[in-house]
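Enquirer: Structure incoming, see below.
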Amino acid sequence: MPTLLARLSQITHLPTTIALNSRLSEIRLKTSTSNLNPIIWRRIIIHSLLTNAISKSHDCAVGPDDIHYQMLKHLPPNAVNTLLETLNNIWFAGNFPPSWRTSTVIPVPKPAKDASDPNNYRPIALTSCLCKVMERMVNNRLVWFIERNKVITALQCGFRKQCSTTDHLVRLESFIREAFIQRQHAVAAFFDLEKAYDCTWKYGIMKDLHEAGLRGRLPCFIEGFLKKNRQFSVRLGACLSGMFDQEMGVPQGSVLSVTLFAVKINSVVKAISPGVECSLYVDDFLIVYRSKYIHIIERHLQRSLNMLSHRADTNGFKFSSSKTVCMHFCRLRSAHSNPELTLNGTLIPVVEQTKFLGVIFDSKLTFLPHSVSLRRSTFSV
């Protein structure tokens, strides 16, 4: 058990990212000492914002400080005013409480996987509920800035207003059916990011936000949230490990983590070649191209794969060569070969079906495997 806890607590570091982090460390000082020009980034947190953030919080497990959401929802008026004053002091002083940078990680086993392998667990971080209330208010301001300034590409549909998985599913199906009508081949590469949240480059997030023009108290709070001395322990059953430093990544389970991850993964998508279609839902990612000739598809997709691999390495991400798959959509009766694409020097396997955003796609686009899967899950219930 102790060995498993130790292995679950390890974090993979990318040498390229760490070297780049050191070279660009001076920009961090410029970010933290930015001017407070835009009034919205220095305004106080008002009572209605706090009560709204608390009311929207769903009951969940407590963090290391043992403060539950129910405690916050039942605070008397005087206590709410005291809490509001405390949060405003944190906002203006920029002193991020050290207790908010500690978390308890619960490894949740992935379904139908070998439980003895630590790689088959999904780490969920239990952070302070009080911190998440503050995060929710900060996240609303950050999302407003991102949407107003179009920081994130329109291809990202994850956790954005008026966007859903349906957008990408319909786009992909329409793209493939259009290829069938024009008697073309359509080839898609479905990517899998290894430890996406755990490998997110924290300094890279601050760098991207700085380049987008974010200034004032907001980036100072985010920098405190992502600071180097963030620590966590791993709880597995009744066993609790010692504290470990989280030098890379954003904690899964935090309110801000999804938005910050979307900011960082956005820089990877910019490497897509013109003409190649792309779909992105948080970390679910694919590229697709269609043509009458396989060699043309191979050339366009391979160029994008090479640029994506390079961009991922320099931004702290890593595509899994073993879990990334390729699918050849075609209804032509004539003999034809499957495309040969490589990622990091490894040939991407061509599969007959794969799941994307909860829907199983097959090479003929009949959706029969998905119907069978739904039938089985229905009868199992």
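The values are calculated or read from the model by the stated rules, or taken from the named source; none is laboratory data. Everything quoted here is computed from the prediction, not taken from an experiment. Note that each Cβ is placed from the backbone with ideal geometry, even for glycine, and that neighbours are counted across all protein chains shown. Each accessible area value is taken on the protein alone, full model and side chains, heavy atoms only, with ligands, DNA and RNA left out. Shrake-Rupley method; radii C 1.70, N 1.55, O 1.52, S 1.80 Å.
Enquirer: Report every pair of residues separated by at least 6 positions or lying on different chains whose Cβ atoms are under 7 Å apart, first residue within segment 106-130 and free of Cβ contacts under 8 Å to residues at least 24 places away in the same chain, second in a helix (DSSP H, G or I).
Expert: P109/N120; K110/N120; K113/N120; D114/N120
Enquirer: In segment 20-53, what residues are at pLDDT 80 or above, among the β-branched types (V, I, T) and in a helix (DSSP H, G or I)?
Expert: The one that is at pLDDT 80 or above, among the β-branched types (V, I, T) and in a helix (DSSP H, G or I): T51.
Enquirer: To continue, here is another question. Looking only at segment 76-94, which residues are at pLDDT below 85 and either over 25 Å from I222 (Cβ atoms) or in contact with a Gly (Cβ under 8 Å, 6 or more places away or on another chain) (or both)?
Expert: Passing the criteria: only G94.
Enquirer: Still on this model: Quick check on this structure: which one of R160, R183 is touching a Leu at 6+ places or on another chain (Cβ under 8 Å) and not hydroxyl-bearing (S, T, Y)?
Expert: The unique qualifying residue is R183.
Enquirer: Report yes if some residue within segment 263-277 is in contact with a His (Cβ under 8 Å, 6 or more places away or on another chain), at positive phi and not charged (D, E, K, R); otherwise report no.
Expert: yes
Enquirer: Same structure again: Would a scan of segment 91-98 turn up a residue that is part of a helix (DSSP H, G or I) and crowded, with 20+ Cβ neighbours inside 10 Å?
Expert: Yes, some residue in segment 91-98 is part of a helix (DSSP H, G or I) and crowded, with 20+ Cβ neighbours inside 10 Å.
Enquirer: Still on this structure, I have one more. If I filter segment 182-238 down to residues being of a type in the set (D, E) and in contact with a helix residue (DSSP H, G or I) (Cβ under 7 Å, 6 or more places away or on another chain), which single residue comes out as farthest from V263 (Cα to Cα)?
Expert: Looking at residues that are of a type in the set (D, E) and in contact with a helix residue (DSSP H, G or I) (Cβ under 7 Å, 6 or more places away or on another chain), I get E223.
Enquirer: Determine whether segment 54-75 contains at least one residue that is outside any loop (DSSP other than H, G, I, E, B), closer than 25 Å to L218 by Cα, open to solvent by 30 Å² or more (accessible area, probe 1.4 Å) and out of contact with any strand residue (DSSP E or B) (no Cβ under 8 Å at 6 or more places or on another chain).
Expert: yes
Enquirer: Still on this structure, I have one more. Please go through segment 336-381 and pick out each residue that is under 19 Å from R177 (Cβ atoms), among the hydroxyl-bearing types (S, T, Y) and open to solvent by 50 Å² or more (accessible area, probe 1.4 Å).
Expert: T366, S371, listed by residue number.
Enquirer: Still on this structure, I have one more. Kindly evaluate E298 against the criterion of being open to solvent by 40 Å² or more (accessible area, probe 1.4 Å) and either in contact with a helix residue (DSSP H, G or I) (Cβ under 9 Å, 6 or more places away or on another chain) or closer than 26 Å to P123 by Cβ (or both).
Expert: Judged against the criteria, E298 is not a match.
Enquirer: Filter segment 111-146 down to the residues that are open to solvent by 10 Å² or more (accessible area, probe 1.4 Å) and among the hydroxyl-bearing types (S, T, Y) and list them by number.
Expert: Result: S116, Y121.
Enquirer: Pairs only if they're at least six apart or on different chains, beta carbon under 7 angstrom, first in segment 256-282 and over 20 Å from A188 (Cα atoms), second crowded, with 18+ Cβ neighbours inside 10 Å and among the acidic types (D, E); list them, first residue then second.
Expert: L256/E135; V263/D208; K264/D208; S267/D208
Enquirer: Scanning for something touching a strand residue (DSSP E or B) at 6+ places or on another chain (Cβ under 7 Å) and either surrounded by fewer than 13 Cβ atoms within 10 Å (Cβ to Cβ) or at positive phi (or both), does segment 318-335 turn up at least one residue?
Expert: Within segment 318-335, none of the residues are touching a strand residue (DSSP E or B) at 6+ places or on another chain (Cβ under 7 Å) and either surrounded by fewer than 13 Cβ atoms within 10 Å (Cβ to Cβ) or at positive phi (or both).
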